[in-house]
Amino acid sequence: MSIAAARVIVCSPGRNFVTLKIETSDGLTGVGDATLNGRELAVAAYLNEHVVPLLIGRDPARIEDTWQYLYKGAYWRRGPVTMTAIAAVDTALWDIKGKVAGLPVYQLLGGRSRSGVSVYGHANGATVDDLLSSVASFVSRGYRAVRVQAAIPEISEMYGVSAAAIYEPASAAIPAESVWSTEHYLAHLPGVLARVRAEFGPGLRLLHDVHHRLTPIEAARLGKSLEPYALTWLEDPVPAELPDGYRLIRQHTTTPLAVGEVFNSIWDGERLIREQLIDYIRATVVHAGGITHLRRIFDLAALHHVRTGSHGATDLSPICMSAALHLDLAVPNFGLQEYMPHAPETDEVFPHGYRYADGYLHPSEEPGLGVDIDEALAAKYPYRPASLPVSRLADGTLHDW
Ligand code: GCO
Ligand code: MG
């Protein structure tokens, strides 16, 4: 059996997605997510121009060799565009291998290590009372872990806070701009977490995403001030290019740290993991080289008491979510999976067999990943440019969004 064709499908059912579909000479197909939010066409071009021609005629069973061929063979290693393209090929080949074996992919990864994949949902609110109702609605639907994002009265646009049912930060073609204030954020947030913890008691796992906006010493202060509210994790307190920043945070607080949604290879998080500077690794299938490479990251993490906490925002397609769930079910050091349900149009374009029940996601039991793309329907939702926002300080200085 050989790879007979590979197609890159760009569509926008509710938001933009890039998908790779591989077909074999035996008529089997496999799908991989290749979506890089705000930079979609760069990955589509990388795949179309530089990867698809190399796939034709290859043996689809040789997943590891194909991964090495695309990684080492490009000479230019790593980077989000390259690694997202490799991830799409890798994911599609695992899907095909599962179909050939007649087994769901988690069985090929060693089988089930747990009965379901614990997920967290996103609660937010324009006021603390709204936030408490939002958390309550997740609890009533069975969630045992909830991310809490609060509006800050002095900040007009706040990351993670939106009245829309489905939060989508990538909206305008030219990035929207908002003004950020670390001072107001640090002053307001501990009181919010205090109210949420008081209302819901110690049993509910609470998380918060700083979205890369603090310096290490500011993050250390925040981590300390949140200790009484026992967060499961504080996410991306500081951009992670400099691991030493995390050492400084660690010296001051026992609040657990989660990092890595923008990582694209094991080398981005190697020191953070090896020196136990973080508690959860947030890398995910689509942006970190596919199932093959993410498994390698998770295995390294397992050696260093770091658990998994894969990114699962709406810009990761149901194909990525399906692949993530197979890996989550199998690895020994699974922690928590982010789950933001997609728009109904997205779910229609990507028919999938995973299901939510009582705080857990369960992957499909079908052979392969249990997900596909309806290409005819996808064609009805053409790509439209959409960028992530940017953030500035009051004096106009560009800040991390
Ligand atoms: C999260 C993330 C997202 C990102 C988005 C960028 O924790 O879910 O921070 O909200 O902002 O995925 O594309
Ligand atoms: Mg995040």
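Structure data summary
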| quantity | calculated |
| --- | --- |
| Single residue of region 245-274 satisfying the filter (closer than 22 Å to residue 119 by Cβ and surrounded by fewer than 21 Cβ atoms within 10 Å (Cβ to Cβ)) that is farthest from ligand 1 (Cβ to nearest atom) | 256 |
| From 311, 342, residue being closer than 22 Å to residue 18 by Cβ, assigned to a loop (DSSP other than H, G, I, E, B) and touching a Lys or Arg at 6+ places or on another chain (Cβ under 6 Å) | 311 |
| Residue satisfying condition, being within 14 Å of ligand 1 (Cβ to nearest atom), among the polar types (S, T, N, Q) and either in contact with an Asp or Glu (Cβ under 9 Å, 6 or more places away or on another chain) or assigned by TED's automatic domain parsing to the domain that holds residue 176 (or both), within set 387, 322, 391 | 391 |
| Sole exception among (1) within 28 Å of residue 381 (Cα to Cα); (2) buried (at least 24 other Cβ atoms within 10 Å of the Cβ); (3) within 16 Å of ligand 1 (Cβ to nearest atom) for residue 343, by number | (2) |
| Pair list, Cβ < 9 Å and 6+ apart or interchain, from region 167-185 residues that are assigned by TED's automatic domain parsing to the domain that holds residue 226 to residues that are among the basic types (Lys, Arg) and within 16 Å of ligand 2 (Cβ to nearest atom) | 180/213; 182/213; 185/213 |
| The listed residue being among the aliphatic types (A, V, I, L, M), within 16 Å of ligand 2 (Cβ to nearest atom) and surrounded by 17 or more Cβ atoms within 10 Å (Cβ to Cβ), out of 146, 135, 117 | 146 |
| Qualifying position, being under 28 Å from residue 142 (Cβ atoms), more than 22 Å from the chain's Cα centre (by Cα) and β-branched (Val, Ile, Thr), among 210, 192 | 192 |
| Members of region 353-375 that are closer than 21 Å to residue 138 by Cβ and either touching a residue at least 60 places away in the same chain (Cβ under 8 Å) or surrounded by 15 or more Cβ atoms within 10 Å (Cβ to Cβ) (or both) | 354, 356, 357, 358, 359, 360, 361, 362 |
| Qualifying residue in region 120-128 (condition: within 30 Å of residue 44 (Cβ to Cβ) and surrounded by fewer than 22 Cβ atoms within 10 Å (Cβ to Cβ)) | no |
| Test: residue in region 329-337 that is within 16 Å of ligand 2 (Cβ to nearest atom), aromatic (Phe, Trp, Tyr) and touching a residue at least 24 places away in the same chain (Cβ under 8 Å) | no |
| Candidate set: region 49-91, residues that are crowded, with 17+ Cβ neighbours inside 10 Å and among the polar types (S, T, N, Q); chosen: the one farthest from residue 169 (Cα to Cα) | 66 |
| Check on residue 163, assigned to a helix (DSSP H, G or I), without any contact (Cβ under 8 Å) to a residue 40 or more places away in the chain and loosely packed, with under 15 Cβ neighbours inside 10 Å | no |
| Only listed residue being within 12 Å of ligand 1 (Cβ to nearest atom), modelled with pLDDT of 95 or more and in contact with a Phe, Trp or Tyr (Cβ under 9 Å, 6 or more places away or on another chain), chosen from 147, 141 | 147 |
| Criterion violated by residue 176 - all others in (1) within 16 Å of ligand 1 (Cβ to nearest atom); (2) within 16 Å of residue 148 (Cα to Cα); (3) among the small types (Gly, Ala, Ser) satisfied | (2) |
| Subset of region 152-173 (residues that are within 13 Å of ligand 1 (Cβ to nearest atom) and not charged (D, E, K, R)) | 158, 159, 160, 161, 162, 166, 167, 169, 170, 171 |
| Residue match in region 228-244 (condition: surrounded by fewer than 17 Cβ atoms within 10 Å (Cβ to Cβ) and within 13 Å of ligand 1 (Cβ to nearest atom)) | yes |
| Unique match (being touching a Leu at 6+ places or on another chain (Cβ under 7 Å), surrounded by 23 or more Cβ atoms within 10 Å (Cβ to Cβ) and modelled with pLDDT of 95 or more) among 30, 38 | 30 |
| Residue in region 31-52 that is more than 16 Å from ligand 1 (Cβ to nearest atom) and touching a Phe, Trp or Tyr at 6+ places or on another chain (Cβ under 8 Å) present | no |
| All positions within region 281-308 that are more than 14 Å from ligand 2 (Cβ to nearest atom), part of a loop (DSSP other than H, G, I, E, B) and surrounded by 24 or more Cβ atoms within 10 Å (Cβ to Cβ) | 285, 286, 288, 289, 306 |
| Residue match in region 355-376 (condition: assigned to a loop (DSSP other than H, G, I, E, B) and within 16 Å of ligand 2 (Cβ to nearest atom)) | no |
| Unique match (being over 20 Å from residue 67 (Cβ atoms) and within 16 Å of ligand 1 (Cβ to nearest atom)) among 303, 336, 329 | 336 |
| Identity of the residue in region 312-369, out of contact with any strand residue (DSSP E or B) (no Cβ under 9 Å at 6 or more places or on another chain) and hydrophobic (A, V, I, L, M, F, W, C), that ends up farthest from residue 89 (Cα to Cα) | 357 |
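The values are calculated or read from the model by the stated rules, or taken from the named source; none is laboratory data. Since this is a predicted model, take the numbers as computed values, not measurements. Here the Cβ is made from the backbone with ideal geometry for all residues, glycine too, and neighbour counts use every protein chain on show.
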